[in-house]
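Notes to accompany the following structure.
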Amino acid sequence: MLSFNTVNTLRNQCLISLALLSGFSSLNVAAESVPILKLPIERAVLMALESNLSLQIQRLQPEIVLTFEQLEAARFDTVLSADLSANETSQLQLSQATSSQFELEAESYSSSIGLTRTFSTGTTISAEISDTSNSSNRTPDQQQVRVGLTLTQALLKGFGPEVNMAGIQQARIDTQISRYELQGFAESLVGDVEQRYWDLVLALQKQQIFKQALEVAEQQRDVVLKRIEVGLLAETERPSAEAEVARRYQGLLEARFEAKRLRLQLIGFITNGSEQDWITIIEPSTMIGSSDYDSESVNEHIALAKQLRAELKEAELRESRGDLEVVQTRNALLPKLDFFISYGKSGYADSFSNATKNIDEDSFDASVGLSFQMPIGNRAAKSANKAATTSAEQMKLSLKNLLHLVQLDVRVAYSELQLAQQKIIAVAVTRKLHLEALRAENEKFKVGRATTVDVSLAQRDLLHVQLDELDARIKLKKAAIRLYQLEGSLLKRRGLSVSG
C-alpha cells in the first residue's frame, strides 16, 4: 500500500527527472538563461525554408543539372583550331643523273588556323587558312598560302535537328525534373514541419490536461484522507486515492517526455542545429482553433493532384525524355553516310606576302564525295535501341501506375479527413456526457453513495475523453495537411513557391 509520503517521494523524483531531461537543473536556471522562442506556425515554416540543411543541399541540385544542359549545348559551339610546326632535314642522297652523292639540307615551316562549326541539321562547316614554307640547298625557296572551305552533311545517321537536338532537350528535361524534385522535397519539408508543430501543440496541451488532472486527483485524495481521519471512510479507500495520484504523475511525466522529444524534432527541422538551438524552449503560439479546411469534393482534390503533384510532373517529363532516347537510338541504327565538298585556293611564291597576292590566280583545288561507315551486325546500336524502347514503354506504364496511386492516396487522405471531422463531433458529445457522469459521481460521493474508486473511474474516463477530443482536433489539422501534401497544393496554399 502506497503512503502519502511515498507518493510525495515519487512526485519529487519525477520533477528531478524532468529537470535533468530538459538539460538544466534548478541551479542552472539561475546561472544561465534558457532562450524561449514563441513560435507561430508560419514562422516555423519560414525558418525551415531558410535554415534546413537538407533543403539547402537539395537547392543546389538544379544548378548542378543545369551545367549538363550547357555541356550539351556546347556541342554546337564554334571551335577554333591552330597548328604550328617546324622541320629540319640534313642527309646524304644519291643523284640519279650523275650517280654521285650530295648533301641535302632542308627546312620547312607550316602553320594553320581554322574555325569549325557543327549545326543541328547535321552539317559541319570548316574554314582554314594555312601557310607552308620550304627551303633547301637544292631548290629555290617556296611559300604556299592556302584558303580552304569544307562542308560535310550527314545524310543518314546524325541527320536533322530532331536527332541532334535530342541531347539538349533531354538535358533541359533533366533540369525541369530537378526543379520538380526540389518542389517535392520542399513540400514534404513544409508538411513535416507543420505536422510536427501540431504534434508538439498536442503534447503540450496533454501536459496541461494531465497537470489539471493531477491537481484534481490530489484534491480528491486530500478529501479522502480527511474523511478517513474522521472515520467517515474506511482505510481501504486510501490506496485507490493515492494510486490515482501516482497515475497522474506518471501521465504528466510521459507527456513532458513526449513534448521534449517533439521539441527536438521540430528544432531539427527549422534550424541548422547550433548549440543555442538545441537548448531553446519552443512555445507554439498558434492556437488549435477551428480547422481552416475548405469543404471540397474528392474529385476537386484529384483534379488538383493531376495538375500540381510534383511526382506526376516528374513522371511525365521522364516519359518525354524516354521518347527522345528512342529517337536517338533509332537514328543510331542507320549507317553513317556523309556527303562532303571541299574547295581551296592557293598562292605560291618565294615569300608570304607574294604568295598571298597570288591566291587570286586561277589555280584551285576541289573535292566532292561520299563517306560510308557501318558496323557489321550493328549489335551495339540494336541493343541500345531495344533498351530505350523497352524503357520508354516501362515509363508509360509507370506514369499510368503513379496516376492510379496518386488517386488512391488522395481518396484515402480525403476519407481520413472526413473521419476526423466526424470524430470531433462525436467526441464533443461524449465529453459532455462524461462530464455529467463525473458530477453525478461526485454528488454521490458527498452523500456516501459512491466510493473513491467510482469517482476515480469517472475522472479517468473524462480525462481520456478530453485527450481524445484534443487528439481528434489535431488529427483534423494533420489530415488536411496530409491531403494538401498528397495533392501537391500545400506550398501553393501557404503562398510559397520553389523559385521564391
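The values are calculated or read from the model by the stated rules, or taken from the named source; none is laboratory data. Computed from a prediction, not measured in an experiment: that's the story for all the values here. Quick reminder, even Gly has a Cβ in these numbers, built from the backbone with ideal geometry, and neighbours come from all protein chains shown. For the accessible areas, the whole protein counts, side chains as well, though only heavy atoms, and no ligand, DNA or RNA atoms are used. Shrake-Rupley method; radii C 1.70, N 1.55, O 1.52, S 1.80 Å.
Only one of the numbered conditions (1) β-branched (Val, Ile, Thr); (2) open to solvent by 30 Å² or more (accessible area, probe 1.4 Å); (3) under 35 Å from the mean Cα position of the chain (by Cα); (4) within 23 Å of residue 286 (Cα to Cα) is not met by residue 390, and that is (4).
Is it the case, given these coordinates, that residue 426 is without any contact (Cβ under 8 Å) to a residue 12 or more places away in the chain, open to solvent by less than 70 Å² (accessible area, probe 1.4 Å) and either of a type outside the set (S, T, N, Q) or assigned to a loop (DSSP other than H, G, I, E, B) (or both)?
Judged against the criteria, residue 426 is a match.
Whenever a residue of the stretch 170-191 is at negative phi and of a type in the set (Lys, Arg), its partners that are part of a helix (DSSP H, G or I) and open to solvent by 30 Å² or more (accessible area, probe 1.4 Å), lying with C-beta atoms within less than 7 angstrom and at least six residues away or across chains, give the pairs 172/69.
Test residue 151 against the stated conditions and say whether it is assigned to a strand (DSSP E or B) and either within 49 Å of the chain's Cα centre (by Cα) or surrounded by fewer than 12 Cβ atoms within 10 Å (Cβ to Cβ) (or both). Yes: the conditions hold for residue 151. Annotation: residue 413 fulfils all but one of (1) outside any helix (DSSP H, G or I); (2) among the hydrophobic types (A, V, I, L, M, F, W, C); (3) touching a residue at least 12 places away in the same chain (Cβ under 8 Å); the unmet one is (1).
With respect to residue 401, is the statement that it is part of a helix (DSSP H, G or I), exposed (fewer than 13 other Cβ atoms within 10 Å of the Cβ) and not small (Gly, Ala, Ser) true?
Answer is yes for this residue.
In the stretch 40-90, of all residues being within 30 Å of residue 169 (Cα to Cα) and of a type in the set (Ser, Thr, Tyr), the one that is surrounded by the most Cβ atoms within 10 Å (Cβ to Cβ) corresponds to 54. Considering the stretch 490-500, and only residues there that are more than 22 Å from residue 199 (Cα to Cα) and part of a loop (DSSP other than H, G, I, E, B), the residue that is farthest from the chain's Cα centre (by Cα) turns out to be 495. Would you confirm whether any residue within the stretch 98-119 is aliphatic (A, V, I, L, M) and open to solvent by less than 40 Å² (accessible area, probe 1.4 Å)? Within the stretch 98-119, one or more residues are aliphatic (A, V, I, L, M) and open to solvent by less than 40 Å² (accessible area, probe 1.4 Å). None of 104, 115, 156 is assigned to a loop (DSSP other than H, G, I, E, B), of a type in the set (A, V, I, L, M) and on the phi < 0 side of the Ramachandran plot except 156.
Got at least one residue in the stretch 476-489 being open to solvent by 50 Å² or more (accessible area, probe 1.4 Å) and under 18 Å from the mean Cα position of the chain (by Cα)? Checked the stretch 476-489: at least one residue is open to solvent by 50 Å² or more (accessible area, probe 1.4 Å) and under 18 Å from the mean Cα position of the chain (by Cα). Exactly one residue out of 321, 309 is out of contact with any Leu (no Cβ under 9 Å at 6 or more places or on another chain) and not acidic (Asp, Glu): that is 321.
One line per residue, one yes/no per condition, for (1) at pLDDT 90 or above; (2) within 30 Å of residue 473 (Cβ to Cβ):
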position	(1), (2)
214	no, yes
223	no, no
227	no, no
241	no, no
257	yes, yes
266	yes, yes
270	yes, yes
274	no, no
285	yes, yes
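Looking across the stretch 228-284, the residues that are surrounded by fewer than 17 Cβ atoms within 10 Å (Cβ to Cβ), assigned to a loop (DSSP other than H, G, I, E, B) and more than 29 Å from the chain's Cα centre (by Cα) come down to 230, 231, 232, 234, 235, 236. Condition first: open to solvent by 40 Å² or more (accessible area, probe 1.4 Å) and either of a type in the set (A, V, I, L, M, F, W, C) or outside any helix (DSSP H, G or I) (or both). Now tell me which residues in the stretch 432-475 satisfy that. Listed by number, the residues that qualify are 433, 435, 437, 440, 447, 448, 449, 451, 453, 457. For the stretch 337-346, the count of residues that are touching a Ser or Thr at 6+ places or on another chain (Cβ under 6 Å) and open to solvent by 50 Å² or more (accessible area, probe 1.4 Å) is nonzero.
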